[in-house]
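*Asks:* Below: one structure in structure tokens.
The values are calculated or read from the model by the stated rules, or taken from the named source; none is laboratory data. If you're wondering where the values come from, they're calculated on a predicted model, not measured in any experiment. Here Cβ is always computed from backbone atoms with ideal geometry, including for glycine, and neighbour counts include all displayed protein chains. To get the accessible areas, we keep the full protein, side chains included, count just its heavy atoms, and leave off ligands, DNA and RNA. Shrake-Rupley method; radii C 1.70, N 1.55, O 1.52, S 1.80 Å.
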Amino acid sequence: MLKHVGIAVLVSTMLAGAARADFPVSIPHAFGTTDVPARPDRVVSISLIGHDFLLALGVTPIALRKWYGTDPYGVWPWAQDDLGDATPVVMQGEIDVEQIALLKPDLIIAQWSGMSQSEYRILSMIAPTLGPKPGAGDYGTPWQDMLRRIGMATGTLDQAEEIVSGLDNRFAEFRDSQSNWQGTTATMAWSGSVGAYTRHDLRGQFLEALGFVIPQAIEDLAGSNEFYATIAAEDYSPLDVDALFWLDTGGQAAKLQALPLRFTTRAYHEGREIHIDPLLSAALSHSSPQSLHFALDAVVPLIEAAMDGDPATPVPTSLAAGIAP
Amino acid sequence: MTVLADPHPPARRQRALFRILILVAVLTVCAIFLGYQTRGFSDVASAIFSYDPTSADDVVLRDIRIPRIIGALLGGAALGASGALLQAMTRNPLADPGILGVNAGAAVGVVLSIIILGITNPAQYVWSALIGCAVTSTLVFLIGGSKNANPMRLLIAGATVMVVSLAAIRAILLLSRQTLDTYRFWVLGGLDGVTYDMVLALAPFLVAGAVLTVVCSFWLNALVLGVEMARGLGLRIWLVQLTTLVAVVLLCGATVSMAGPVAFVGLISAHIARGFAGGDAKWLVLLSACLGAALLLGADLIGRLAMFGGNMQAGVMSAIIGGPVLIWMVRRQWPTHT
């Protein structure tokens, strides 16, 4: 009995310890190891999507890097509530070291930023700088890991774990409810000069979380650790998939209609193409806790319409974009 | 008068023309059969005589390869002729369509049409590129043209307009990711996306440009003898310059709107042609046009091969091929002056 109480006390002490998020913490990343000495309160995010992650954890960055979109802060609808009335400094374009130094940050979030080794060297002199996960590539750290690592650096690991398990459960529920598609193929592509994301990209990882498999042909075309593959104009066989997602960052339906080979693909004839409008494209490109909930709400009905393989039930967004057969 | 002594006898030029035409023919045949995957005679026959729009093989041949071949031949010839015209007019071996701000002007047109009009369909860039070309070239002529007929002024005006245009483009692109996404593929210069409709729409410009080219090349022959001599023969220098520029704008404008700003073809074709044509502007333009067609066709063909991923832009490939050739020519002391 006493022994059991002892264990219970021990466990609760450990849990309390985790919740207190002991500082200093050391986090390894692609350019070395970053030590955060104390809970930061002046966090600058130069990650193009990092502000979503910080806001999800209840940390409002003092400055963020706007990626694109019409919002003055570069914060998309799914994270507006989390932003609230905050007015962070907005950075845009290349990484501006001088501006960052003037902000006197005590933590710089630089996963998914394209930061170079030399930029890291300078930034890490200004404040502890969190680079991408070792071995994941600039844009390849899975969102779960990005969130956990930001959680560790800001003392919000518990919230991060809670969010991760909530979303992972939602993906698992989806996979269970659609068990007949599990293991079928899908790819997330874009038009113009056609390319497709691999499993080393957040958008590829989204497809895998839904239970789809990215064709090996696309992984082979891209080579190891590359986050996208370019598709030859004369050979669309890598796009022969059960669900073909076309990302549209604005007005790209006309480009899709100008691809002669597209009209010979199985995905086109069987109504398996899913047009992803600019808002949903942005949600998938952010792959943040908030945007993934948003994306799942929107994309599930579209996948259902595509996966029946029946052109008589067109995917609503593809029909609206004028690309349905 | 040593000027009139011709070190390039007609037989040599004709031989060169004949060989270049054979090269173009061979490349055309190769471009039909070779690509990401090699096709046989039966595939080609089926694509032509029993075309099936649902067959990927037929579509590749008829809707991708053949329009690209036509586009490469026309665009390459237009760039080659323009390069020769400009070099003959300015008597400067560095002149090429790019240096007159033609490409930069087209790029400004494309960027503005993306950001202001929201146009994202590459087929519609044709018109914005053409208008951009015309506006910048007019500007260059207004700034740099003069009764003194000093071609140096034109070149400097062209270089200035080009630099300012490119700076404006960079500034716009920094602000708009969507424009950047679309622009960065266009700016490499390539023939993917060329359709029969596009070629037909641009044909009138190319034909008009070709007619003016023929007229100019006769006049430029007189100009090659020197400004004073040409004046003595009754030529109006400004008229020669203006006609040449209009021809170049028509030819390059049509090409750049179809294939994006393809680098280098105009410059290098004219250089190679000079080795055969000597000081004769007519032959220079003709040979340069044929060489340009061969170079762009070859570049597009190589770019379509699987070893380059099947998607290497012809604009990139023509510079990769053209660069070493130009270095070789310089080291061999290939004639650079007329």
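*Asks:* Report, in whole Å, the centroid distance computed from the Cα atoms of segment B:292-338 and segment A:177-226.
*Replies:* 35
*Asks:* Which residue, A:Met115, A:Thr230, A:Pro105, has the largest displacement toward the positive end of the dipole of chain A when charges sit on each Cβ (Lys, Arg +1; Asp, Glu -1)?
*Replies:* A:Pro105
*Asks:* Provide a whole-number value for the mean count of partner chain Cβ atoms within 10 Å of the Cβ atoms in peptide A:241-253. Numbers along the way, then the final one.
*Replies:* Values: counts 0, 0, 0, 0, 0, 0, 0, 1, 5, 9, 7, 5, 2.
Per residue, the number of nearby Cβ atoms from other chains is 2 on average.
*Asks:* Also, quick follow-up: Can you list residues from other chains, or at least 5 along the same chain, whose modelled amide H is less than 5 Å from the amide H of A:His29?
*Replies:* The list, which skips near neighbours in sequence, is A:Thr34.
*Asks:* Protein chains only, probe 1.4 Å: how do B:Leu245, B:Leu139 rank by accessible area, largest first?
*Replies:* On the way: B:Leu245 15, B:Leu139 85 Å².
Accessible-area ranking of B:Leu245, B:Leu139, largest first: B:Leu139, B:Leu245.
*Asks:* Set Lys and Arg Cβ to +1 and Asp and Glu Cβ to -1, take the dipole of the protein assembly as shown about its Cα centre, and tell me which of A:His269, A:Thr249, B:Thr243 lies farthest positive.
*Replies:* My answer, from the dipole projection, is B:Thr243.
*Asks:* Counting Lys and Arg as +1 and Asp and Glu as -1, each charge on the Cβ, what is the dipole of the protein assembly as shown about the Cα centre in debye, to the nearest 20?
*Replies:* Working: 40 positive and 51 negative charges, 703 e Å.
Approximately 3380 debye in magnitude.
*Asks:* Using a 1.4 Å probe on protein heavy atoms, which residues of segment B:58-81 have at least 20 Å² less accessible area in the complex than alone?
*Replies:* Checking the loss per residue gives B:Val59, B:Val60, B:Ile64.
*Asks:* Given C-alpha coordinates of segment A:178-320, what is the ratio Rg to Rh with the Kirkwood estimate of Rh?
*Replies:* Working: Rg = 13.8 Å, Rh = 14.9 Å.
The Rg/Rh ratio comes out at 0.92.
*Asks:* For segment B:41-149, what is the charge dipole size about the Cα centre, in debye to the nearest 20, if Lys and Arg each add +1 at the Cβ and Asp and Glu each add -1 at the Cβ?
*Replies:* Details: 5 positive and 6 negative charges, 125 e Å.
Its charge dipole is roughly 600 debye.
*Asks:* Turning to a different aspect of this structure: For labels at B:Ala167 and A:Asp145 in the simple 7 Å Cα→Cβ model, what's the distance in nm?
*Replies:* Once both label points are built, they end up 4.4 nm from each other.
*Asks:* Another question about this same structure. Nothing charged except the Cβ atoms of Lys and Arg (+1) and of Asp and Glu (-1): what's the magnitude of the dipole of chain A about its Cα centre? Round to the nearest 20 debye. Don't jump to the answer; show the numbers that get you there.
*Replies:* Numbers: 19 positive and 38 negative charges, 142 e Å.
Dipole magnitude for chain A comes out near 680 debye.
*Asks:* Continuing with this model, one more query. Among DSSP beta bridges whose residues both lie in the protein assembly as shown, state the antiparallel percentage, nearest 5. List each step's numbers first, then the result.
*Replies:* On the way: 10 of 30 bridges.
Counting only bridges with both partners in the protein assembly as shown, antiparallel ones make up about 35 percent.
*Asks:* For chain B, what is the calculated [θ] at 222 nm in deg cm²/dmol (nearest 500), taking -39500 (n - 2.57) for each run of four or more DSSP H residues and dividing by its residue count? Mind dumping the intermediate values first?
*Replies:* Values: 14 runs with 244 residues, N = 338.
It lands at -24500 deg cm²/dmol.
*Asks:* Give the aspartates and glutamates reachable from B:Lys282 as a straight Cα distance under 15 Å; neighbours fewer than 8 places away on the same chain don't count.
*Replies:* Straight-distance partners of B:Lys282: B:Asp6.
*Asks:* Taking 7 Å along the Cα-to-C-beta vector as the label spot, tell me the B:Gln333-B:Arg184 distance in nanometres, rounded to one decimal.
*Replies:* Label-label distance for B:Gln333 and B:Arg184, simple model: 4.6 nm.
*Asks:* Could you point to the residue in B:Ser176, A:Ala30, A:Ala189 farthest towards the positive end of the protein assembly as shown's charge dipole, with +1 and -1 charges on the Cβ of Lys/Arg and Asp/Glu respectively?
*Replies:* B:Ser176
*Asks:* How are the C-alpha pair distances of the protein assembly as shown spread across 20 Å bins, as whole percents from the shortest bin up?
*Replies:* So the P(r) values, bin by bin, are 17, 41, 30, 11, 2, 0.
*Asks:* Under Stokes-Einstein, with the Kirkwood radius over Cα pairs standing in for Rh, what whole-number D in µm²/s applies to chain A at 4 °C and 1.567 mPa s?
*Replies:* Answer, rounded: 61 µm²/s.
*Asks:* Per residue, what volume in Å³ does the Cα convex hull of segment B:93-242 take up? Let's see the in-between values first.
*Replies:* Values: hull volume 17.8 nm³, N = 150.
Taking the convex hull of the Cα positions in segment B:93-242, it is 118 Å³ per residue.
*Asks:* OK, next. Would you mind calculating the relative contact order of chain B from Cα pairs under 8 angstrom and at least 6 residues apart, reporting the percent as a whole number? Please list the in-between numbers first.
*Replies:* Numbers: 558 pairs, mean separation 100.8, N = 338.
Computed over chain B, the figure is 30 percent.
*Asks:* Give the long-range amide H neighbours of A:Ile274: residues separated by 5 or more places, or on another chain, with amide H under 5 Å away, using H modelled in the peptide plane at 1.01 Å from N.
*Replies:* A:Leu244, A:Phe245, A:Trp246
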